[in-house]
Amino acid sequence: MMIDWQSKANEQKDEYLNDLTSLIKIPSVRDDSQATDEFPLGPKPAQALNAFLEMAQQDGFKTKNIDNLVGYAECGDGDETLAILAHVDVMPAGEGWDTDPFDPVIKDGNIYGRGASDDKGPGLAAYYALKTLKAMGVKFNKKIRMIFGTDEESNWTGMKRYFEVEPEPTYGFSPDASFPLINGEKGNVSLQVNFGGNTKGDYILRSFDAGIRPNMVPFKAVAKIETAEGKQLARDFGEYLLSQPVSGTATLQDDGVELELIGKAAHGMEPEKGLNAGTFLAAFLSQYEFTESAHDFLTLLGTKLHLDTRLNNLNMNFKDDVMGELTVNVGMMNFNADDGGTIDLNFRYPKGLNADKLTSELSEAISPMSATVTHGDAMEPHYVSPDDPIVTTLMNAYQEQTGDSDSKPEVVGGGTYGRMMKRGVAFGALFPDTPNTMHQVNEYQPVDQLILSIAIYMQAIYDLTVTE
């Protein structure tokens, strides 16, 4: 059966953009401060989930909402299940946008808004592919479930619940990364370095704050320093900024000075693409005579972790021939003089490492400091053979629709829902050479590429679930 997939996709453009605009307008950031029994992650992620489910129900899909945490739209029938796993939650918008992050606009061929690229735009593209096939009367030989989670950007609470109460799919993909295809994902764990308080010395670190999520390079950092040398510290800060690729301000106070530094946000899987406001600020402050835990806090950030996403300074660098290098994002930094502080380090690690080993090595590396290390839940490295039919079929669809016959499956540091399945991969929708603005200000995705991704997903789903 010969089908012009791109023509079919272009027919959906206006309706797709209308629905995507509606979804982006929902600020579906997890908010534990508004959590209730009905809305365990706050009301907005659930609102976005229900908007999708209502859309799918109107389109004739069987739908199910599981505890306002995760839901799915289903069609087809068979002994095997193809799953398409996406998410409706988004990262906090952060500061510095040129437009309202939750009032999407299209300019210069791009749609701007939080979720345009991660993951409402790609997720909805995959849904439109399935919706169009269904409307064409295609007879599927497998059950197909389009599953939307509500907590991918933090703890994966929703998708974990799905796999607790529903059978594991046979195979599937997550439209939450890049083309051509991701068949390997590094392990992912956040380690927390804990420091005690400090109120002694000529320089007292009254407070230090940077970062809003472990998997996001901090855009802004603010520190308050109690010192009699506030004017000189402010002048020094101005001189420091002249030699650095960041900006900032110094505000004199009665007992010292407040410093604010502005860097550049980026996704935690590629921290080298950002400018970490926290480590830049710590690098400046580490040259002053802070004492005890404040000294250790600033030294670790400013001299060991600053501009070293591969941990060479701590002798923890590691590389696997297949999965690549260990990377770290210094995602959150908090300190106050009375209670102490924490540094949250988000590690993306290849085969050959695990969370316990990383914790042990980091503890040893900072043993001279007055600090302890703990780790949270870890996701182990995930890999699917390039010869698996889920990989070869999806790669073929991408290559036929784009003409990119030289592309190969890739291994990345990002983590997607694809790893929830033994035969799960990540598949689009960011195209090669398109800037990755996920987790950044002014997040966008080219409209034409989103429409082309609908065509790619249509062929992929058809080839996986239809027998000629």
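Quick look at the values:
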| quantity | calculated |
| --- | --- |
| Spin-label pair GLN399/GLN244, simplified geometry with 7 Å Cα→Cβ offset, distance in nm | 4.7 nm |
| For the chain: span of alpha carbons on each principal axis (Å, largest first) | 78, 46, 43 |
| Difference of contour (0.36 nm per residue) and Cα-Cα distance, ASP388 to LYS62 | 114.4 nm |
| GluC sites (Glu not before Pro) restricted to DSSP loop in region 36-133 with at most 12 other C-beta within 10 Å | GLU38, GLU95 |
| Charge-dipole axis of region 188-375 as Lys and Arg at +1 and Asp and Glu at -1 on Cβ define it, positive-most pick from SER247, ALA223, LEU300 | SER247 |
| Overall form of region 30-108 per C-alpha gyration tensor (a/c, 1.5; a/b vs b/c) | oblate |
| Sequence-distant residues sharing a close amide H with LYS64 (under 5 Å, placed H) | TYR72 |
| Surrounding net charge for ARG310, when Lys and Arg each add one and Asp and Glu each subtract one, Cβ distance under 10 Å | -2 |
| Those residues of region 316-339 whose amide nitrogen sits under 18 Å from the label point placed on LEU307, 7 Å along Cα→Cβ | 328-330 |
| 0 to 90° range, to nearest 10: angle between helix 355-365 axis and the chain longest Cα axis | 20 degrees |
| At most 13 other Cβ within 10 Å, DSSP loop - trypsin sites (Lys or Arg not before Pro), region 395-468 | LYS422 |
| Cα pair distances in region 188-375, grouped into 10 Å bins until the bin that holds the longest one, percent each | 10, 39, 34, 13, 3, 0 |
| Test item: Cα-centred dipole of the chain, Lys/Arg +1 and Asp/Glu -1 on Cβ, debye | 560 debye |
| Folded to 0 to 90 degrees: helix 120-135 orientation relative to the chain principal axis, Cα | 10 degrees |
| Cα long-axis angle, helix 43-58 against the chain (0 to 90 degrees, to the nearest 10) | 10 degrees |
| Under the Karplus curve 6.51 cos²θ - 1.76 cosθ + 1.60, θ = phi - 60°, whole-Hz ³J(HN,Hα) for region 383-397, x wherever Gly or Pro sits | 8, 10, 4, x, 8, 5, x, 5, 6, 5, 5, 5, 4, 5, 4 |
| Residue-span extension gain [GLU410 to LYS160] - 0.36 nm each, minus C-alpha spacing | 87.5 nm |
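Readers should treat all values here as calculations from the given coordinates under stated rules, not as data from a laboratory. Because the structure is a prediction, the values reported are computed rather than measured. All Cβ positions, glycine included, derive from the backbone under ideal geometry; neighbour counts span all protein chains shown.
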